[in-house]
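What follows is a set of notes on a single structure, which appears directly below.
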Amino acid sequence: MSRIKNMTSGNPTKLMASFAAPLMLANFGQQLYTIVDAMIVGKGVGVEALAAVGATDWSYWLALWVIQALAQGFSIPISQYFGEGNRKKMRQTIAMSIKLCLVSGCALTVVCLLMAKPLLNLLQTPDNIFNSASQYLLTMFGGILIVLAYNMASAILRAFGDGKSPLIAIAVAAVTNIVLDLLFVLVFHWGIIGAAVATITAQFLAFLYCLRTLAKMDIMKLEKDDWNFRKEIVSKQCRLGIPLALQNILIAIGGMILQSAINQHGFVFIAGFTATNKIYGLLESSALSIGYAITTYMAQNYGGGFYKRIRQGLKSSVLIAVVLSVCVSAFMIAVGKPILSLFIDAANANAEEVLSVAYHYLFIMSCLLLPLYLLFVFRNTLQGLGNGIAPFLSGVMEFAARVSVSCFFTRIWGDDIIFYAEPSAWIAAMAVLVAICLKTVSSLPASDAQSQQA
């Protein structure tokens, strides 16, 4: 119980910062073992193998982001009922979340396995890396249920304000992943399939730790009656989870169109983008962590009717986002090139060209990072307040901006404009959400629900 954090009282900035800090480390750890995959594959197998892994990025992210959206959407009512103090509804919502995840996970696994090779063909994956890319992607898709189980368990912990348990889970998983990467790729010579198996195994260990933590919580003691189908709860969860999933599908499809444009430049260009995309996870991890903290904070206070704290929390969130984005940008600009060089075998004839492409892309994204962080602030605030439609609209804007830049503006201003596809998507999505979020928060009652009842 000591790891549970009630965010309906106390300083909003301190609450969100203290909740987000372990999540940042957890997300950093999660990114670490995907980065280790790329490093070991790039160094131990070669540039073409690194390009093969990179060619699968958006296809796998399509599935991963749907998983994360469903888990987060299903868990938002848990935070709201926790803030409200309604333990019965909270338990029922947890039970429905488990059922929904089992059904959606099985369906998603089947669809993704069937679509793996067609997706790579659609993305015009070069012939010399197609077989390796398809093997890696099929292996990753085979572990979807495991990844969904971890994300749902982690989302439930976050709903209770527990950011420490996911950190510990990822720490264990990261160490395991690094050891297995070295064993499977460099010792057993399984190639990129070994890297995929190591990642899935690490996710399974992370799930087991989260499950063990949840089992020890008194508020997680589900009763037989909690498992009965609750139409009103499932409907509420779907109203939140499905728009978020559709939003992420649109974002991923836009990214796949971008990947298709990148693939036309050859495997050297793909390898450069792959190296930076792995670092992109580090750029985004702090924003993602703050986003989780904001969702939990807003959902708990909305459930409890603490509307003044919601307005205070939004101001604090913007301040945190500005400070973090500036710090991350400065760090990446300063040390980005040495980090990127870790992915590339210096002895390879194309190493210098790959590094040049990678750092140019990283520099542009680092300079334009603030809109990404503000995007998470406004999107996750709306999610916590139970609004799943506005984030979906932001996904439409991301899709439109990413596709426009990669497919149309490159014809007008040249191929180099493709480096601005991601930042353009962030700016377009943020612009939509700012107005909607500010209007939503300002329309909340001026006084808290408890004051109104008195």
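At a glance:
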{"item": "Efficiency of FRET from Cβ geometry, Leu438 and Leu186, R₀ 51 Å, rounded to 0.05", "result": "0.45"}
{"item": "Label-point gap, in nm, between Asn86 and Met217 - each point 7 angstrom along Cα→Cβ", "result": "1.8 nm"}
{"item": "Viscosity 0.692 mPa s, temperature 37 °C, Stokes-Einstein D of segment 220-264 from Kirkwood C-alpha radius, µm²/s", "result": "244 µm²/s"}
{"item": "Rounded FRET efficiency, nearest 0.05, which uses the C-beta distance separating Arg411 from Lys14 and R0 of 60 Å", "result": "0.75"}
{"item": "Kyte-Doolittle mean at least 0.0, axial Cα span of 30 Å or more - DSSP H helices of the chain", "result": "12-44, 57-84, 87-122, 192-215, 231-263, 267-304, 307-341, 421-442"}
{"item": "Structure-based [θ]222 nm, the chain - -39500 (n - 2.57) summed over DSSP H runs of at least 4, per residue, nearest 500", "result": "-28000 deg cm²/dmol"}
{"item": "Relative contact order of the chain, pairs being alpha-carbon contacts under 8 Å that are 6 or more residues apart, as %", "result": "25 percent"}
{"item": "Per residue accessible area in Å² of segment 324-397, where ligands, DNA and RNA are left out and the probe is 1.4 Å", "result": "39 Å²"}
{"item": "The chain - Rg over Rh from alpha carbon coordinates, Kirkwood radius", "result": "0.96"}
{"item": "Portion, in percent, of the accessible area of the chain that falls on carbon or sulfur, probe 1.4 Å", "result": "66 percent"}
{"item": "Listed pairs Lys99/Lys221; Lys164/Lys231; Lys236/Lys308; Lys5/Lys231 exceeding 27 Å between Cα atoms", "result": "Lys164/Lys231; Lys5/Lys231"}
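The values are calculated or read from the model by the stated rules, or taken from the named source; none is laboratory data. Given the structure is predicted, the values throughout are model-derived calculations rather than measurements. Heads up, the Cβs are rebuilt from the backbone with ideal geometry, glycines too, and the neighbour counts pull from every protein chain shown. These area figures cover heavy atoms from the full protein model, side chains too; ligands, DNA and RNA do not enter into them. Shrake-Rupley method; radii C 1.70, N 1.55, O 1.52, S 1.80 Å.
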